[in-house]
Amino acid sequence: YEILSRGRELIAEREEQILHLMVGETGFTLGDCRTELNRCLQTFAASAEEAKRLTGEMVPITAAPGQDERRIAFTVRKPIGVVCAITPFNSPLNTVAHKVLPAIAAGNAVVLKPATYTPLCSAVLCEVLAEAGLPPGYLNMVTGGGGTTGRTLLHDQRVAYYAFTGSTEVGREIQQAAGLRRTQLELGNISGTIVCADAMLEAAVSKCAAASFRKAGQVCTSVQRIFVESSIADEFVDALCRKTQSLAVGNPRNASTFVGPMIDGKEAQRIENWIIEADREGAEILTGGDRDGALVQPTIITGASSDSRVLTDEAFAPVVTVVPFDSLDEALAGVNATPYGLSAGIFTKDVTRGLDAIRALDMGNIHINDTSSSRVDLMPYGGVKDSGHGREGPRYAVRDMTEEQLVVINPG
């Protein structure tokens, strides 16, 4: 508790230094980086509290027939061992915190392999924890590519638990190598959000624009597909285009910038090719679509064919496609029509429609009157289907990173 609480204080003291480091490593805007840092502080605080709350429970074995009433049974939770945390570039501080801090709170040692794009943010977190009093050897950071360093870690039998955020392809490889060892995998997604005719339109437009284009769309819960009820589709699309065109695009170090560059020029060129491909297939590019180096203008597409890559593959870019629907069942089927199941949202004032969505959507997270990108760091967070398994969130991760042991005391 004391180490994690002190670590939180040190992160807060170095806020400006960390912000500028994060902007430099990722290209995310100052606003995005400030949000991430503030969330990281909450993850520190929650993990510290969970370190005090890690308890077992009494087991009422005397309720079974024929048991000696003097027998006592209870469970204790013990550290699972060495936790290997493999983290992505798109959340170089808070996702690292979500894997490292609960592991430490549970009493484990950690080997951290950060993304090759963003090792410095992870190094700062390691430095802060060491300064806060974490004993040597409890947190070890190694750098390198997934095909080299990552594979070496996968085949090291000293690792008891793998916590990974990244692609489904790599997640499958980790699960195969882990065998009977425990894993928490937060993998790919193609997020969908539904906007019904009775939704509060202004709120839906504002939230969808923010969730589509923050961090240049490079978030696994970024809104990539918006299903809009046909009767309001034109009105919604017009408002979304106006909102998107009002977003400042450019230098991430400018406080007013909302959309900065993608992680590198190769990724930006990839999504530009997807946009060109959709256009050739008959889709309409309503706004955006242009690229300057790694900077891609926030893009809204309509009329895409059902097999277009902007609908069937994870874009991980500032591109959103709007799809009209006539019945809610049609929209729910559309949201579910991917191999993934991380998160979804629906805007409606109708409680019945909200409940229908909860029952129908095969997702780890469902948000009513919010987008698929809504998240609070205290909640259990994770997916189903090809989006992985296990849950982040300090309370849930701490328990998963321990082994439950039963103790039975018989009268002497």
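By the beta-carbon count within 10 Å of each Cβ, the least crowded to most crowded order of 30, 93, 153, fewest first, is 30, 153, 93. Candidate cross-link partners of residue 266 among the aspartates and glutamates, defined by an alpha-carbon separation under 13 Å and a same-chain spacing of 8 or more, comprise 292. For P(r) over Cα pairs in 20 Å bins from 0, in percent, the value calculated from this model appears in (1) 18, 31, 16, 10, 9, 9, 6, 1; (2) 26, 53, 19, 2, 0; (3) 20, 44, 30, 6, 0 under label (2).
Order 124-131, 361-368 from most to least packed using the mean count of other Cβ atoms within 10 Å. List each step's numbers first, then the result.
Working: 124-131: 18.6, 361-368: 20.5.
The most tightly packed comes first, giving 361-368, 124-131.
GNM on the chain, C-alpha springs below 10 Å: top fluctuator among 184, 297, 17? Residue with maximal mean-square fluctuation among 184, 297, 17: 17.
You can think of it this way: the chain between residue 235 and residue 142 has 28.4 nm of extra reach, that is 0.36 nm per residue less the Cα-Cα gap. Between the helical axis of 94-105 and the longest alpha-carbon principal axis of the chain there is an angle of about 10 degrees.
When the charge dipole of the chain is built from unit charges on Cβ atoms (+1 for Lys and Arg, -1 for Asp and Glu) and taken about the Cα centre, the candidate among 274, 4, 58 whose Cα reaches farthest toward its positive end is 58. By the count of neighbouring beta-carbon atoms within 10 Å, fewest first, 409, 11, 358 end up ordered 409, 358, 11. Shape class for the range 192-368: prolate, because the ratio a/c of the largest to smallest gyration tensor axis (alpha-carbon atoms, square roots of eigenvalues) is 1.5 or more and a/b beats b/c.
For the set 78/215; 113/243; 52/207; 215/385; 99/207, the pairs lying more than 32 angstrom apart at their alpha carbons are 78/215; 113/243; 52/207.
Compute the Cα gyration tensor for the range 365-404, then decide on rounded, prolate or oblate, letting a ≥ b ≥ c be the square roots of its eigenvalues: rounded whenever a/c is under 1.5, prolate when a/b is larger than b/c in the other cases, and oblate in all that remain. Present the calculation step by step, with values, prior to reporting the outcome.
Values: a/c = 3.72, a/b = 1.68, b/c = 2.21.
Oblate, because a/c is 1.5 or more while a/b does not exceed b/c.
Given a Förster radius of 56 Å and the C-beta distance between residue 16 and residue 70 as r, what FRET efficiency does 1/(1 + (r/R0)^6) yield to the nearest 0.05? Show your work: numbers first, answer last.
Values: r = 61 Å, r/R0 = 1.10.
It comes out at approximately 0.35.
Calculated from DSSP H runs of 4 or more alone, at -39500 (n - 2.57) each and per residue, what is the 222 nm mean residue ellipticity of the chain, nearest 500? Helices in the chain give a 222 nm mean residue ellipticity of -12000 deg cm²/dmol.
Given contacts defined as C-alpha pairs under 8 Å and at least six residues apart, what's the relative contact order of the range 88-226, whole-number percent?
On the way: 148 pairs, mean separation 26.0, N = 139.
Relative CO of the range 88-226 lands at 19 percent.
Every number here is computed from the coordinates shown, using simple stated rules; none is lab data. What you see is a predicted model, and the numbers here were worked out from it, not measured in a lab. Cβ sites come from the backbone with ideal geometry, for glycine too, and all protein chains shown count toward neighbours.
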